[in-house]
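Have a look at the structure below, then the notes.
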C-alpha cells in the first residue's frame, strides 16, 4: 500500500500533470468566456439583424416530420465563434512568447555530455576520411 501511495504521489507531483491540470481549469474558464461572447454578444447582433437571437426557429417540414436546420446553423455559428476565439488566444500567446525572447539573442548551448563529445569526434573523423 505504501508503494502505491508513493507512486501516486510521484505521479501527481510531476510537472506535466500539474501543467495539464492548470490547462484544464484555464480552458474551462476560457470556454465560459468564449461561450458568453458567442451567445450574449454576437448572437445578440444576429437577433438585432434577423429579429431572433438564434436560428433555432428555422424548421424544414418534410412530410410528417421536421428537420431542425436552424439548430444546426446556430451550433455551427457558435462553433465558428469558439474556434475563432481559440485561434486568437493561441496567436496572442505565441506573440507574447516571441516578445519574451529577445530577437537576435542567441541561447547558450548546453554543454555536451561525454557521450555526445565522443559521438561528435567520431562523426568528424568519419567525415574527414571521405
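Odds and ends about this structure:
- Checked against (1) modelled with pLDDT of 80 or more; (2) closer than 19 Å to residue 40 by Cα, residue 82 passes all but a single condition, namely (1).
- Index of the failed condition, residue 65 passing every other in (1) exposed (fewer than 10 other Cβ atoms within 10 Å of the Cβ); (2) at pLDDT 85 or above; (3) within 28 Å of the chain's Cα centre (by Cα): (3)
- Some residue of the range 69-81 being surrounded by 11 or more Cβ atoms within 10 Å (Cβ to Cβ), in contact with a helix residue (DSSP H, G or I) (Cβ under 6 Å, 6 or more places away or on another chain) and within 30 Å of residue 27 (Cβ to Cβ): yes
- Any hit, the range 39-53, residues being closer than 18 Å to residue 89 by Cβ, in contact (Cβ under 8 Å) with a residue 40 or more places away in the chain and surrounded by 11 or more Cβ atoms within 10 Å (Cβ to Cβ): no
The values are calculated or read from the model by the stated rules, or taken from the named source; none is laboratory data. Keep in mind that this is a model prediction, so the values were computed, not measured. A quick note on method: Cβ atoms are made from the backbone with ideal geometry, for glycine too, and the neighbour counts reach across all protein chains shown.
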